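Please treat every number below as a calculation from the coordinates, not as lab data. Since the structure is predicted, the reported quantities are computational estimates derived from the model, not experimental observations. Quick reminder, even Gly has a Cβ in these numbers, built from the backbone with ideal geometry, and neighbours come from all protein chains shown.
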Amino acid sequence: MLAYPRLVPVVLLAAAACSSSQTSSAGSSPSPARSSSGDPRVGLKPGLFDAGEGVWNLRVVSKTPPPEAFVGVTNSDLAFKGQYAFQGNYNGIQVWDISNPSRPTTVITHVCPASQSDVSVYRNLMFVSGEGFGGRLDCGTGGVQEAVSPHRLRGIRIFDITDIRNPQYIANVQTCRGSHTHSVLVHPGDTSSVYIYVSGSAPVRPAEELSGCSALAPSEDPNSALFRIEVIKVPLAHPEQAAIVSSPRIFQDLVEAPSHGLAPEDRKALETARAGGAFIVELGGQERVLPDRMIRPMLDSLARARGATTPTAADSAALRDSLKVMVARRIADRGPGPRPGPTQCHDITLYPAIGLAGGACEGYGLLLDISDPVNPRRIDAVSDSNFAYWHSATFNNDGTKILFTDEWGGGGQPKCRPSDPREWGANAIFTIENRDMRFRSYYKLPAPQTPNENCVAHNGSLLPIPGRDIMVQGWYQGGISVFDWTNADRPVEIAFFDRGPVDSTRMRSGGSWSVYWYNGVMVSSEIARGLDIFELVPSAHISQNEIDAAKTVRLEYLNAQGQPQFVWPATFALARAYVDQLERSNALPAARIASLRQELAAAERASGDQRRTALTTLADGLGSQAQARRLVDALRELAKS
Amino acid sequence: MHRVAALAMVVAACSARAASNTADLEAIYHARADSARMRFTPADVRFMTGMIGHHRQALDMAALVPRNGASSSIETLAARIINAQQDEIATLEQWLRERDQPLPAGHEHAHMPGMLTPAQMAELAAARGAAFDRLFLRYMIQHHRGAVAMVHELFGTDGAAQDEVVFKLASDIQVDQITEIARMELMLEEMP
């Protein structure tokens, strides 16, 4: 709300010392096959910079330790612009030049403490989240000791990075709960401003520190800072005038338990129970089987009431009727008025290309309509008794699916031990049908981790593999996992990287905070170990052509929470990738696949009209076969280019 | 031949330098971890110590679940509470140990917000079946609200929660337990 337009540019610490020589660039060592008996991620040697590693279907392109100023201080989220990677750290921001991914070099180590330093970039602007108590308006490192202080920053810092080596701190937008994360909305219809959705999960600040902040329930104070998010408008011509323009109460009237419904197995079990004559009631919009221990005493008392000892079919029928009445009475007893829903979101992933956002908000996953950027509207909500804390969201490229993560234990706890349930601390995958979310399956890191490794589902992004939904995701000290969720009912892991624990004798925070695909590589922010860069290598799960096609998608910038829609330029790699997929799914006979490849190669060797004719003939030959639709489209686009 | 030799030398030089650099960085890592341990206040210690006792009572409550004929949804809730709070106790104890602070013995916690009185504990222990389910939810909601109040008290104290572990743990306890309170309120309402 308050802007501080005239802040002194902060002292910058450029750690230029030999940053490139610190990078250890791994050679193209072959990835070991994954044996079915033992996962290579089990039993890895501990160590800070020399831990053992398990790698499958990936190549480690580089591992670069943090700059000295940030060693021992948590690395957080990532953003990208051009050849630069921006890595948040609780002590500031590290900018890397990754134009040579095997040797990232330090551009600047910018000290300005704030947790979590969630970072985004847009054109000449960099936005940084501050939530912890030690963030100072002057970027000083001394912290803020007083519970109420005019020097504390909790909210969004805005920097001008026109000169990337010399960021200018141009404004703050302070918020009542600070900014745990934020998401930058670049609205297709608005070229003059961007919008920042702020999520804060720490307690509300006292009004003496930031006027107007109230932690009362909205029924007691309509200006309560709870039960809302903040939307900041940043005028691009005058970013120093950035200010909160709305505080949408997207949780309003979230009254019912919007359970995501039953998993296919549960539904089967329910139908079996129904067929077996079980007592079923509808509660909270979902059918539930009442257990025997509840039913039997009721049946017995009905029998007793008519002087018998054993209940009969008539007693059962009477009970079925009275259960309906009991449920109706309970619903009537609930009384009027909405019950409070979540008080905030942890993170919101905006997908402006389809006008939707996924909000991960305490006990709920929300689908939001963001066509009006200032007034996001909730259009669906799901909850799940297996989810402790809805943390983040990722759409597939078509916008027909959404994946939510559950950061059970907050990221500081070891939730991937063999004893931890596979449905807890996992991803939940939903399909989006008519703007309704339908639960399909869970995906959790399949390799068990030790009790000294913090591990749970965390941040990741989609890979631009055409025709498939493939994602890379950080699991803290569980490492990174690449998985295919094209089939929403059966997500499957296709590649991974993992290190041994930072310390095998006690819990030390570490691992991949986030890993995102950016222009051909996967860049991971390692909490303790710095910056890791990976490349996919071909395997039974993914072909060289698919990887080549993915690399044709180039982004100018990336904030993973403002999800870009991938568009593949017309290339032969794209067509070959689709042929590979037709082969993998056995959609066409082997002989047809072989001839397709020959004809495609011939077309590639040809040029001009000859090539165009060859491609068109190929496309016509495939005709209306449904499975080949993507290939046909790619061939026709290629013929035009 | 010459070229190969020269290249090998460069690689050797680089890796030697890289090794010494990571060794230096590792030394800095440990030195920083040590000095970070010195920055805490009595309020932090009070919170971290008190929360152990608070969590232990939640574990005691959850331990009743298998014995008292609870429903399967309460069993699941209790299993989650046990898993979460046991892990958090480990974090709390590690934090205190690394700062040479005494670990609380037993249940020194009667005065903390949300704690069940001995009478309430006995009432819960004596309840069975559906009555237990309802009481468990009511008392666990009371207990969780107390933990949230402890976080608010910590955050309102000068100098407190500057430590990264304390801030994170307290923030996590706050959001996790608020989320769980909402879930338990729904469960309570949906009980037939």
Listing B:I82, A:I232, B:I52 by rising number of other beta-carbon atoms within 10 angstrom, fewest first, gives B:I82, B:I52, A:I232
Sparse-neighbourhood loop sites, trypsin sites (Lys or Arg not before Pro) in segment B:59-114 - DSSP loop, at most 16 other Cβ within 10 angstrom: B:R67, B:R99
What distance in nm lies between label points placed 7 Å from Cα along the C-beta direction at A:A243 and A:E271? 5.8 nm
How large are Rg and Dmax for segment A:426-544 when only the alpha carbon atoms are used, in Å? 14.9, 51
How far is helix B:2-36 tilted off the main Cα axis of chain B, in degrees rounded to 10, range 0 to 90? 40 degrees
Computed helical MRE - 222 nm, the protein assembly as shown, DSSP H runs ≥ 4 contributing -39500 (n - 2.57), nearest 500: -10500 deg cm²/dmol
Run the quick spin-label model on B:Q86 and B:D24: label points 7 Å from Cα toward the beta carbon, then report their separation in nm to one decimal. 4.5 nm
Mind listing the phi-derived Karplus ³J(HN,Hα) values for segment B:171-177, rounded to whole Hz, using 6.51, -1.76 and 1.60 with θ = phi - 60°, and x for any glycine or proline? 5, 5, 4, 4, 5, 5, 6
At 1.306 mPa s and 10 °C, Stokes diffusion of segment A:572-640 via Kirkwood alpha-carbon radius, µm² per second: 135 µm²/s
Averaged over its residues, how many other protein chain Cβ atoms are within 10 Å of peptide B:149-160's Cβ atoms? 3
Cut-off under 5 Å, modelled amide H: who pairs with A:L125 long-range: A:I161
Just in segment A:205-235: which GluC sites (Glu not before Pro) are loop by DSSP and have at most 13 other Cβ atoms within 10 Å? A:E208, A:E220
With x for Gly and Pro, the residue-by-residue ³J(HN,Hα) of segment A:555-570, computed from phi through the Karplus equation 6.51 cos²θ - 1.76 cosθ + 1.60 at θ = phi - 60° and given in whole Hz, is 10, 7, 7, 8, 10, 4, 7, x, 5, x, 8, 6, 10, 9, x, 6
Most exposed first, judged by fewest Cβ atoms within 10 angstrom, A:I164, B:I141 run A:I164, B:I141
Compute the acute angle (0 to 90°) between the alpha-carbon long axis of helix B:72-97 and the principal axis of greatest extent of the alpha-carbon atoms of chain B; round to the nearest 10°. 50 degrees
Give me the dipole magnitude in Debye, nearest 20, for chain A about the Cα centre, with unit charges on the beta carbon: positive for Lys and Arg, negative for Asp and Glu. 700 debye
What is the distance in Å between the Cα centres of segment B:115-144 and segment A:37-99? 47 Å
Using the Karplus curve 6.51 cos²θ - 1.76 cosθ + 1.60 with θ = phi - 60°, work out ³J(HN,Hα) for each residue of segment A:131-144 in order, rounded to whole Hz, and write x for Gly and Pro. 10, x, 7, x, x, 10, 4, 9, 6, x, 9, x, x, 10
I want to verify the translational diffusion coefficient of chain A in µm²/s; compute it with Stokes-Einstein, Rh as the Kirkwood radius over Cα pairs, at 10 °C and 1.306 mPa s. 59 µm²/s
Long-range amide H partners of A:S514 with built H, under 5 Å: A:S525
Peptide A:201-211, shielding by other chains (average Cβ, 10 Å cutoff): 3
Using only Cα atoms, find the angle between the long axis of helix B:129-155 and the longest principal axis of chain B, and express it within 0 to 90 degrees, rounded to the nearest 10. 50 degrees
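Among the trypsin sites (Lys or Arg not before Pro) within segment A:494-569, which fall in a DSSP loop and have no more than 15 other Cβ atoms within 10 Å of their own Cβ?
Passing sites in segment A:494-569 are A:R506, A:R554.
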Among A:A550, A:F80, A:Q241, whose Cα projects farthest towards the positive end of the dipole of chain A, with charges put on the beta-carbon of Lys, Arg (+1) and Asp, Glu (-1)? A:A550
Gap in Å between the Cα centre of segment A:106-152 and the Cα centre of segment A:509-585? 31 Å
Longest DSSP-loop-exposure-free segment, GluC sites (Glu not before Pro), chain B, at most 14 other Cβ within 10 Å: B:1-97
For segment A:348-439, what is the largest minus smallest coordinate of the Cα atoms on each principal axis, given in angstrom and ordered from greatest to least? 44, 24, 21
How would you rank A:C345, A:C416, going from fewest to most other Cβ atoms within 10 Å of each one's own Cβ? A:C416, A:C345
About the Cα centre of segment A:148-209, what is the dipole size in debye to 20, counting +1 per Lys and Arg Cβ and -1 per Asp and Glu Cβ, all else neutral? 220 debye
How many nm separate the modelled label positions at A:E556 and A:K324, each set 7 Å beyond the Cα in the direction of the Cβ? 6.2 nm
